[in-house]
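Below you'll find the structure, written out as structure tokens, and then a few comments.
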Amino acid sequence: MTPPLDLSRRQFLTAASVAAGTALLAGCAPGAVPGSGTQTLQFWHLLSGGDGVTMSQLLDDVNGAQSAFRIRPTVLAWGTPYYTKLAMAGAGGRAPDVAIMHATRTVGWAPGGLLDRWDVDKLASLGIDSSTFPKPIWEKGFVGEGMYSIALDAHPFVMMFNTDICDAAGVLDSDGKLQETSSPEEFLDQLREVGGQAEGHALSYGYLGDGAQMWRLFYTFYSQHGGAIELPPGGPAVIDKDVAVESLSLMRTLLDGEIALAQADYGSAVAEFATGKSGMLFTGVWELRTMQAASLPFDATMIPTLFGTPAVYADSHSFVLPHQTNADPVRRDLTYQFVADMLKGSFGWAEAGHIPAFLPVTESPDYDDLIPQAHYAEAAQHVVYDPTAWFTGSGSNFQSEFGAAVQGVLLSGDDPAAAIDRFEARVNTLLRQPNPADPEGTFGS
Amino acid sequence: MTTATDSTRTIVTGSKTGTPPRRAGARNREQLISWAFLAPFLVAFVLFLAWPIVHGIILSFTDQSLTGAGGAFVGFANYVEALGDPKMWQSMGNTVWFTLLSTVPLVVIALVMAALVDRGIPGQWLWRLSFFMPFLLASTVISQIWVWIFNPQVGAANNILEFFGLEPLAWLQNPDTNMLSIVIATVWWTVGFNFLLYLAAMQNIPPQQYEAASLDGAGAWRQFWSITLPQLGPATVLILILQILASLKLFDQAYQMLGGVASDTTRSIVQYIYEAGFVSYRFGYSAAISYVFFALIVILGVVQALITRRRKEQF
């Protein structure tokens, strides 16, 4: 028989506190799962909604396929909150083992020591090298000489189209693809044909109050002229003003109230297309699931090349190693393994609409059967990222600065040239400031 | 009152006339106890107010980054940059503009609402509840509600405009109307608090005054102008001060209603401080702007104190 516990109240409370404290500390401790050799790797990401569900499935697959590590994901709200928290974790040196970042943001972070470098040789030994990635996507992983991010995907801005409406308008080829247009005039003619068959507008494009949306389309058109905006440290910005004005003017032409609604925000544009009222939609590939869920007869394609050079705005969800002061070599090795597993298993990620960066996935026969993803897969070869500077990239202020400068052109018909001047002035102000993550400019020295 | 003065005098006299002084040990003990009672507050005060203020001032003289980089002493560089930063002045101007636009309706509407309820219209509890209820909602909730209302395609605001044959507006997205939209949402959200303060003040006015006035033949309007309004003076001063301070802190509803997107016409100074620190990672600069803003509030406070002092002297 077990003797009854003879504890005073004070002894009981002490014992309980010690037990609770121990449990709490054990819970906080990263590392091995008790009783097994399995390491728990902390993984932060910013993918919610449909993307979040797909990511969970991928993680379950990776976790289930081996017993060396288990991934514990932490999902944070995308945008500034995510990047603030990740930056602070890196600054404290006790960051998660691995995290997702937009490739465009690494330029601002690597110089401040917030990210650790990827070992290219170690990646190569796992079958990850430049030959397994589209060139622009692989190169985007580098800041200076070092590789700081490795892309899971490219998520370009694309054009979705309602196949029923476009068919009725007679703008489809015999194989059901949208007839090619190679100039603004041809594209506008095509849109007018489509508009005749659509209950709402020919094109849905939401931009109100959304600098990112304005920037995505603008920079697509701008880059199709064959050049990029350059933002050298210290300034001034190199912007081809004629090209910028032409690109912005085309956007204004599209928003004439006939082709596309003059005042639409992102949500209402998506809704207009998803309810079958419009013929086309400019959007990111991440809306693919929305349209599939709407049971819409639709297809997707690259935004047509209207100015000579195929180019499309995009960003990449990329794996980074947030800085850890005392990185454990065993866990680091497992992190490399995890990333390689994720890339190789990224077919599931394609189902969410994104174009996997890992070529063996997009070049597989299975991927060809994935419609409409396969119809815009070539966009990965023509992706254009934000101009490189510490303040640019997804979720940064740069894109909203652009929106603030040009929205008046699209909404109220303001002068495009004056808007580009405003944008240039803002960018030059930012360029004169040092990278706050590296104010003394010691990176690379 | 007299008794208290007398007893104080007695004690003082007593000690002078040789009442034995309390032992030093007992006095120390008393002091210790009082410090012990004060300690929790002092700790909180130093940790959460005094030290952050001092630390903020120190930060404002450095190029400290949120990322842990920097931290070198840069003298007054941040302040010089802030004073020459058009965006800071624009944000400051937006904040003052919002304060002007919102304070007047928030005081006047609250007064009208309180007067209506105070005059005894039926179902008082229902009015009180419905006028005050929005104030209890979180800023995230009211932002969501008003984003729906202001939606250019399906929102109620444009439905109303169309009903009257007016052109629909892109309320929140158009720089000409977005500040007005935020003011409307804010008035709806917070007017209940001022209403409650006014109602409390009105209910403190002795009913005999109204009785006397009506015996003298004063109608409802005359009573309102000659009895209610003058006696609401102190309440109005309090409401104005609280309202100006609250409006100067504009951030959450504007930030949320515009989806966190910076707009030149709605970016408040608090949002600019936030952006400098948490979006651009410039903690030092962010601290400097917050002290410039602090200086503005101090100036307003001094002006307000001077005005109220003059008012008191007049009375």
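Please compute P(r) over all alpha-carbon pairs of chain A, binned at 20 Å starting from zero, and give each bin as a whole-number percent.
The distribution over chain A is 24, 51, 20, 4, 1, given as percents.
Rank A:Thr388, A:Thr84, A:Thr54 by mean-square fluctuation in a GNM of chain A with C-alpha springs under 10 angstrom and give only the top-ranked residue.
A:Thr84
Scan chain B and report its longest stretch carrying no trypsin sites (Lys or Arg not before Pro) that are both in a DSSP loop and have at most 16 other Cβ atoms within 10 Å.
So the longest stretch without any such site is B:120-248.
Given the options A:Ala425, A:Ala380, A:Ala314, which has the most mean-square fluctuation in a GNM of chain A, springs set between C-alpha atoms less than 10 angstrom apart?
A:Ala425
Throw me the Rg/Rh for segment A:150-290, computed over C-alpha atoms with Kirkwood Rh, two decimals.
1.00
Within segment A:178-221, which GluC sites (Glu not before Pro) sit in a loop by DSSP and count at most 13 neighbouring Cβ atoms inside 10 Å?
The qualifying sites are A:Glu180, A:Glu199.
Distance from the Cα centre of segment A:257-326 to that of segment A:55-108, in angstrom?
24 Å
Give the average, rounded to an integer, of partner chain Cβ atoms located within 10 angstrom of each Cβ in A:432-438.
6
List the chymotrypsin sites (Phe, Trp or Tyr not before Pro) within segment B:125-183 that fall in a DSSP loop (any state other than H, G, I, E or B) and whose Cβ has at most 13 other Cβ atoms within 10 Å.
When the chymotrypsin sites (Phe, Trp or Tyr not before Pro) of segment B:125-183 are filtered for loop state and at most 13 Cβ neighbours within 10 Å, B:Phe164 remain.
Where the only charges are on Cβ atoms (+1 Lys, Arg; -1 Asp, Glu), what is the dipole of the protein assembly as shown about its Cα centre, to the nearest 20 debye?
5480 debye
Among A:Phe187, A:His317, A:Leu231, whose Cα projects farthest towards the positive end of the dipole of segment A:179-327, with charges put on the beta-carbon of Lys, Arg (+1) and Asp, Glu (-1)?
After comparing all options, I get A:His317.
With charges set only on the Cβ (+1 for Lys and Arg, -1 for Asp and Glu), what does the dipole of segment A:23-167 come to about its Cα centre, in debye to the nearest 20?
Computed about the Cα centre, the dipole is about 580 debye.
Mind checking which of B:Leu240, B:Leu106, B:Gln208 is farthest towards the positive end of chain B's charge dipole, using Cβ charges of +1 (Lys, Arg) and -1 (Asp, Glu) about the Cα centre?
Value: B:Gln208.
Set the Förster radius R0 to 51 Å, insert the Cβ-Cβ distance between B:Phe73 and B:Met133 as r into 1/(1 + (r/R0)^6), and round the FRET efficiency to 0.05.
Efficiency, from the Cβ-Cβ distance: 0.50.
How about segment A:230-273: which GluC sites (Glu not before Pro) there lie in a loop by DSSP and see at most 16 other Cβ atoms within 10 Å?
A:Glu258
Please give the charge dipole size of chain B, origin at the Cα centre, charges +1 on K and R Cβ atoms and -1 on D and E Cβ atoms. Round to the nearest 20 debye.
1500 debye
Taking chain A as a Gaussian network, Cα atoms linked when under 10 Å apart, which of A:Ala269, A:Ala151, A:Ala327 shows the biggest mean-square fluctuation?
Of the options given, A:Ala327 has the highest mean-square fluctuation.
Per residue of the protein assembly as shown, what 222 nm ellipticity follows from adding -39500 (n - 2.57) for every DSSP H run with n ≥ 4, rounded to the nearest 500?
-16500 deg cm²/dmol
Report, by chain and number, residues whose modeled amide H sits under 5 Å from the one on A:Phe298, excluding near sequence neighbours (fewer than 5 apart, same chain).
Amide H to amide H, under 5 Å and 5 or more residues apart or across chains, A:Phe298 pairs with A:Thr163.
Determine Rg/Rh for chain B; Rg is computed over alpha-carbon atoms and Rh is the Kirkwood hydrodynamic estimate from the same atoms.
1.09
Give the angle, between 0 and 90 degrees and rounded to the nearest 10, that separates the Cα long axis of helix A:184-197 from the longest principal axis of the Cα atoms of chain A.
90 degrees
Along the charge dipole of chain A, Cβ charges K/R +1 and D/E -1, which of A:Gly113, A:Phe338, A:Trp138 sits furthest on the positive end?
With unit charges placed on the Cβ atoms, the residue in question is A:Gly113.
Given contacts defined as C-alpha pairs under 8 Å and at least six residues apart, what's the relative contact order of chain A, whole-number percent?
After rounding, I find 25 percent.
Return the long-range amide H neighbours of A:Val158 (sequence gap of 5 or more, or a different chain), with a cut-off of under 5 Å between placed amide H atoms.
Counting only residues 5 or more places away or on other chains, the set is A:Thr283, A:Gly284, A:Val285.
How big is D, in µm² s⁻¹, for the protein assembly as shown by Stokes-Einstein at 37 °C and 0.692 mPa s if Rh is the Kirkwood radius over C-alpha pairs?
Calculated translational D: 108 µm²/s.
To the nearest 0.05, what FRET efficiency results for B:Phe48 and B:Ile121 with a Förster distance of 51 Å applied to their C-beta separation?
Step by step, r from the Cβ atoms, then E = 0.70.
Once segment A:246-403 is represented by equal point scatterers at the alpha-carbon sites, with solvent omitted, what log10 I(q)/I(0) does the Debye formula produce at q = 0.11, 0.14, 0.19 Å⁻¹?
Summing over Cα pairs of segment A:246-403 leads to -0.60, -0.93, -1.42.
Decide, for segment A:77-226, between rounded, prolate and oblate: order the square roots of the alpha carbon gyration tensor eigenvalues as a ≥ b ≥ c, take rounded if a/c falls under 1.5, and otherwise choose prolate if a/b is larger than b/c, else oblate.
Judged from the Cα gyration tensor, segment A:77-226 comes out prolate (a/c at least 1.5, a/b above b/c).
Scattering from the C-alpha atoms of segment B:161-315 alone, worked out with Debye: what is log10 I(q)/I(0) at q = 0.11 1/Å?
-0.70
Across segment B:60-201, what fraction of all alpha-carbon pairs, as a whole percent, falls in each successive 10 Å bin from zero upward?
Bins of 10 Å from zero give 10, 25, 26, 21, 12, 5, 1 percent of pairs.
Taking the Cα-to-Cβ direction at A:Ser364 and at B:Leu100 and moving 7 Å from each Cα, how far apart do the two end points lie in nm?
It works out to 6.4 nm between the two label points.
So, in nm, how far is label A:Asp415 from label B:Phe164 when the simple model puts each one 7 Å beyond its Cα toward the Cβ?
Output for this residue pair reads 3.5 nm.
Measure nothing fancy, just the Cα-based angle from helix A:9-28's long axis to the longest principal axis of chain A, in degrees from 0 to 90, nearest 10.
Approximately 40 degrees, to the nearest ten.
Two decimals is fine: what's Rg over Rh for segment B:258-307, C-alpha atoms, Kirkwood radius as Rh?
Reported Rg/Rh (Cα atoms, Kirkwood Rh): 1.11.
Roughly how far apart, in whole Å, are the Cα centres of segment B:225-295 and segment A:109-155?
About 43 Å separates the Cα centre of segment B:225-295 from the one of segment A:109-155.
Per residue, how big is the convex hull of segment A:225-324 when only Cα atoms are used? Give it in Å³.
In segment A:225-324, the Cα convex hull volume per residue is 180 Å³.
Suppose each label sits 7 Å from its Cα in the direction of the beta carbon; what would the B:Arg23-B:Gln208 distance come out to in nanometres?
My value for the distance between the label points is 5.5 nm.
In this model, which of A:Lys135/A:Lys277; A:Lys140/A:Lys277; A:Lys135/A:Lys344 are farther than 28 Å apart at the alpha-carbon?
A:Lys135/A:Lys277; A:Lys140/A:Lys277
Taking the square root of 5 times each eigenvalue of the Cα gyration tensor, what semi-axes in Å does the equivalent ellipsoid of segment A:359-445 have, largest first?
After diagonalising the Cα gyration tensor, the semi-axes are 35, 24, 9 Å.
Quick note: the coordinates plus some simple rules give every number you see, no bench work behind them. Bear in mind that the values here come from a model prediction, so they are computed numbers and not experimental data. Note: ideal-geometry Cβ built from the backbone for every residue, glycine included; neighbour counts use all protein chains shown.
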